[in-house]
1. Might you check whether a residue that is at pLDDT 90 or above and under 17 Å from the mean Cα position of the chain (by Cα) occurs anywhere in the range 45-52?
2. Any chance the range 27-34 includes a residue that's within 19 Å of LEU64 (Cα to Cα) and out of contact with any Asp or Glu (no Cβ under 9 Å at 6 or more places or on another chain)?
3. Could you tell me whether GLY121 is touching a residue at least 60 places away in the same chain (Cβ under 8 Å) and touching a Phe, Trp or Tyr at 6+ places or on another chain (Cβ under 9 Å)?
4. For GLY130, state whether it is modelled with pLDDT of 90 or more, in contact with a Pro (Cβ under 9 Å, 6 or more places away or on another chain) and more than 17 Å from GLN56 (Cα to Cα).
5. Within the range 107-120, take every residue that is among the hydrophobic types (A, V, I, L, M, F, W, C) and at pLDDT 75 or above and give me the one that is surrounded by the most Cβ atoms within 10 Å (Cβ to Cβ).
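The values are calculated or read from the model by the stated rules, or taken from the named source; none is laboratory data. Note that the structure is a prediction, hence the values are computed from the model and not measured. Note that each Cβ is placed from the backbone with ideal geometry, even for glycine, and that neighbours are counted across all protein chains shown.
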Amino acid sequence: MRPIGQTVLAALFAATLIGSFFLPVISLPLLAKITPVGMLQDLGFDGLREMAFVVQLFFASFPLAALVLVLALLRLCPGLLALASGAVPIGVVIYAAFNLNDELRALGLPLTVSDFSDFLGAGAYLYIGGAVGLVVLAVTDRGQA
């Protein structure tokens, strides 16, 4: 079993990731607040199958975080699962950051990644913060196996 402090932190970081599912990741003033739960409701599961793999990974990161949360509450969470749960969102964010300029140009929008960062909502910060926390926790794990 893991020391109680590590399991509490793993549960906290996983809960942060799950909480970001319900908060705006993109907030456009006077237009819309885009949440992952709203996007999933608009897409539906059939529409999600049609989306790019990185979008599917984005949505898969939430059930993975829920699994980490449950296992952390039971004090059974393996470090590798916590690492994967944090690494997936970080990979999604890195991929989005490197490819966003191309996507914005393809849509004909006069924005760049630096302009787009002004529209990030609280959910985006919680998403990446929880992910970084899980990765750091897993990498620095000194608990028993």
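1. The answer is no; no qualifying residue exists.
2. no
3. So GLY121 fails the test.
4. Spelling it out, GLY130 is indeed modelled with pLDDT of 90 or more, in contact with a Pro (Cβ under 9 Å, 6 or more places away or on another chain) and more than 17 Å from GLN56 (Cα to Cα).
5. Going through the qualifying residues, I end up with PHE119.
Results for (1) of a type in the set (Val, Ile, Thr); (2) farther than 15 Å from LEU137 by Cβ, shown as yes or no for each residue.
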| position | (1), (2) |
| --- | --- |
| ALA15 | no, no |
| LEU48 | no, yes |
| ALA60 | no, yes |
| ALA66 | no, yes |
| VAL92 | yes, yes |
